[in-house]
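A.B. asks: Structure incoming, see below.
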Amino acid sequence: MEPKSGSKAHPFYIKATLVLFGLVLFFYILDVLADIIIPLALAALAAILLNPLNNRLQHKLPRVLAIIVSMLVAVIVISGVFYFLSTQIYLFTKSIPLLKQKFAILLTDLQQWMLLHFGLSIDSQVQVLKSAINNSQHLLTNTLGTIAGTVGIIVLIPIYVFLLLFYKPLILNFLFQVFLEQNSLRVAEVLTQTKTAIQSYMIGLLMETAIICVLYSIALLIIGVPFAIVVGVIGGILNLLPYIGGLIALLLSIVAATINTTGFSTQIIIIAVYWFIQFIDNNILVPRIVSS
């Protein structure tokens, strides 16, 4: 079939260049607007989760009051979790002097073992340790910057959530107006399916996190790890972060176990238990709860 008159087929290299330029421009815009897009995306997820509660409250309360009450319920739940974690972490900080003594002993034993088996002098080990500390300081600086950005996000999200819930009718009306009138039923169906999918996924993710918190806490209590509940809860929350979250949770449990144990048998048991729980999570919980 010949191309239509007046149309011009462009060479492949021009099309490829335009596509690549468009992708670069798209991701550049995303990077520049990240401070706006990320809080807005998180607020949209929170608004979708709060929407069922908000709809029920609007049958009994004015719309603004219903939105405020819905957000207060979310804030109370989140504040309760953070209060529990903060009180337990405060108790954990009291064990830091003992933890320093334990790590000093372990460091001395490790230095002697490295010297005996690998011939590394104490000075060489100190240089390696100093380099690791410097890298950690750079990582800490970047982390503090990230925390500062997170504080900004925490301030913006409630405002965005309120505005999204308050102007939800206008937003839905805009989406319907964008498409042709004969497509309104299809648009309503897509919006309903999207909302249901997001709500189900987030609820499934929260259920999985709660189960992992319980499994971690019970396992650490049986092993006899100090502050087992708070370490287990933090481990379950960190499990939301792919790959690195589980590793941080494992290291935190090993550090907590080092406070009142000698040798490395407890740490090895913790590694085995975490591997087993991760196996259950990846092969049972995620497919049956989250993926479904």
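The values are calculated or read from the model by the stated rules, or taken from the named source; none is laboratory data. What you see is a predicted model; the values in this text were computed from it and never measured. Cβ atoms come from the backbone with ideal geometry, glycine included; neighbour counts cover every protein chain shown. Note: areas computed on protein heavy atoms with side chains; ligands, DNA, RNA excluded. Shrake-Rupley method; radii C 1.70, N 1.55, O 1.52, S 1.80 Å.
A.B. asks: Hey, any idea what % of the range 185-271's accessible area is carbon plus sulfur with a 1.4 Å probe?
C.D. replies: Carbon and sulfur together cover 79 percent of it.
A.B. asks: Please give the contour-minus-distance gain from Phe176 to Ile269: 0.36 nm per residue of separation, less the Cα-Cα distance, rounded to one decimal in nm.
C.D. replies: Difference between extended and current length: 27.8 nm.
A.B. asks: Still on this structure: Give me the one-decimal nm value for the distance between modelled label points at Thr194 and Tyr167, 7 Å along each residue's Cα-to-Cβ direction.
C.D. replies: 1.6 nm
A.B. asks: Quick one: which of 207-218, 162-173, 226-237, 15-26 comes out on top by average Cβ neighbours within 10 Å, and what's the full order, highest first?
C.D. replies: Output ranking for 207-218, 162-173, 226-237, 15-26: 226-237, 207-218, 162-173, 15-26.
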